[in-house]
Amino acid sequence: MAEPSKVIHVRNVGHEISENDLLQLFQPFGVITKLVMLRAKNQALLQMQDISSAVNALQYYANVQPSIRGRNVYVQFSSHQELTTMDQNQGREDEPNRILLVTVHHMMYPITVDVLHQVFSPHGYVEKIVTFQKPAGFQALIQYQSRQSAVTARTTLQGRNIYDGCCQLEIQFSNLDELQVNYNNDRSRDFTNPNLPTEQKGRPSQPGYGDGGSMYGVQGSGARGGGFPQMPNAAAIAAAFGGGLPPGITGTNDRCTVLVANLNPDRIDEDKLFNLFSIYGNIVRIKLLRNKPDHSLVQMGDGFQAELAVHFLKGAMLFGKQLEVNFSKYANIIQGPDTHEYVNSNLNRFNRNAAKNYRYCCSPTKMIHLSTLPQDITEDDIINLLEDHGTIVNSKVFEMNGKKQALVMFDTEEQATEALVCKHASSLAGSIVRISFSQLQNI
């Protein structure tokens with residue numbers, strides 16, 4: 001095997017495979033800085049921003065055969081450590097292009113197509129915008145009508161903040177020729193074609209690596225075929241993850257019930273488990289096991305939500321214990337006197353704004369985000385609410401769309417997790433507080 005490189009060599013790239021298809025395969029692992037299609041050889045060279053991103057991609061695809069539009073492709077490290085101008089041939093890295101790749105750093109507020117259009121349209125006619133969320137952060141591709149407009153926008157906006165003190169723009173020229181947009185919504189927009197639907201009609205196939213769908217919402221005829229009827233939120237999932245899935249998530253699990261072990265039986269109860277697991281999906285019911293007081297069963301809304309919970313919570317610390325989270329052998333929890341029902345709870349998060357909630361799924365972090373707060377809330381009120389659960393390193397109350405919100409950073413992930421499970425859905429001056437983990441690194 002060639003030594004690790006940030007350049008990945010892809011073989012068996014048929015004529016039906018587009019640049020967008022290859023981007024979908026690798027963008028969940030990090031920023032792609034260069035992509036060269038070697039059509040004559042049915043190959044491609046793709047450069048990640050750093051070696052660790054490329055290593056993560058190849059480790060993942062060592063266990064999962066990558067497939068695009070029913071065709072297996074084969075990936076390995078390239079012998080090149082960098083793609084040079086000669087390697088790229090007609091590939092363009094820093095050469096001006098009408099399509100910009102925009103990365104938004106320190107994203108404290110949600111960024112939509114409309115926000116981006118407002119920022120970029122003063123510099124020329126914007127034809128298309130596509131946004132997508134990856135572990136590396138929030139990114140967008142912005143296509144101008146002319147190359148000169150893109151050059152002007154990049155020169156003017158590089159390094160600027162969309163909002164005061166946050167949402168900093170990093171802009172580079174893309175080497176794509178044309179963006180493909182199939183839906184006009186908050187995540188993608190074709191301003192030249194206002195008649196596009198807002199979402200896919202009928203039952204969309206479950207998006208995933210190798211299912212043939214593009215990151216722009218194209219439904220392919222993929223290798224898996226058929227779609228996954230147990231996943232009614234497929235359209236929201238596609239919108240949240242840009243047509244792909246987070247690394248480590250297969251999207252093929254159909255087991256809805258999760259077994260949680262090594263709980264602290266003196267501190268845990270059903271509502272606290274609900275507060276934690278409802279970050280990853282709707283909760284149907286929860287059962288604490290009488291014969292094993294440190295075990296519980298949690299039934300999620302569908303298999304995809306259960307997979308997110310298992311993936312992101314395995315090994316998490318709560319009340320001094322490291323949680324063991326696995327799929328249960330039971331398909332569902334039978335309703336009884338010792339089960340707590342949540343199927344009709346208005347505290348389930350995924351009945352509204354499902355795409356946004358999927359997008360914010362992550363492992364427990366030191367930072368929590370509080371929303372639906374009273375309008376006269378102060379930082380002292382927030383600290384008084386949460387300080388029993390650990391050392392608060394920093395906090396900030398801010399207003400967005402006329403509503404008060406807050407960010408609070410704890411000393412450890414465990415303290416933040418405890419604050420979330422104990423205080424989510426609690427009442428504060430007549431408001432029901434909503435708490436989630438934030439992926440921001442600092443305030």
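The values are calculated or read from the model by the stated rules, or taken from the named source; none is laboratory data. Just so it is clear, the structure is predicted and the values come from calculations on it, not from any experiment. Every residue, glycine among them, receives a Cβ derived from its backbone with ideal geometry; neighbour counts consider all protein chains shown. Note: areas computed on protein heavy atoms with side chains; ligands, DNA, RNA excluded. Shrake-Rupley method; radii C 1.70, N 1.55, O 1.52, S 1.80 Å.
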Restricting to region 125-152, name every residue that is open to solvent by less than 40 Å² (accessible area, probe 1.4 Å), at pLDDT 90 or above and among the aromatic types (Phe, Trp, Tyr). Tyr144
Among the residues of region 153-173, how many are open to solvent by less than 20 Å² (accessible area, probe 1.4 Å), at pLDDT 85 or above and not in a helix (DSSP H, G or I)? 3
Any idea which of (1) part of a helix (DSSP H, G or I); (2) surrounded by 16 or more Cβ atoms within 10 Å (Cβ to Cβ) is the one His340 doesn't satisfy? (1)
Gln49: touching a strand residue (DSSP E or B) at 6+ places or on another chain (Cβ under 7 Å) and surrounded by fewer than 22 Cβ atoms within 10 Å (Cβ to Cβ), yes or no? yes
Flagged in region 157-200 as over 16 Å from Val126 (Cβ atoms), out of contact with any Asp or Glu (no Cβ under 8 Å at 6 or more places or on another chain) and among the hydroxyl-bearing types (Ser, Thr, Tyr), in numbering order, are Tyr163, Thr198
Single residue of Lys329, Lys356 found to be open to solvent by 20 Å² or more (accessible area, probe 1.4 Å) and under 23 Å from Asn442 (Cβ atoms): Lys356
Have a look at Thr417, Thr365 and point out the one that is surrounded by 13 or more Cβ atoms within 10 Å (Cβ to Cβ) and either part of a loop (DSSP other than H, G, I, E, B) or over 25 Å from the mean Cα position of the chain (by Cα) (or both). Thr365
The condition of being part of a strand (DSSP E or B) and at pLDDT below 95 holds, among Val393, Val397, only for Val397
Which listed residue is touching a Leu at 6+ places or on another chain (Cβ under 8 Å), under 17 Å from Lys272 (Cα atoms) and not basic (Lys, Arg), from Val408, Val421, Val343: Val421
Per the filter on region 29-60, residues touching a residue at least 40 places away in the same chain (Cβ under 8 Å), in a helix (DSSP H, G or I) and not small (Gly, Ala, Ser) are Phe29, Ile51, Val55, Asn56, Leu58, Tyr60
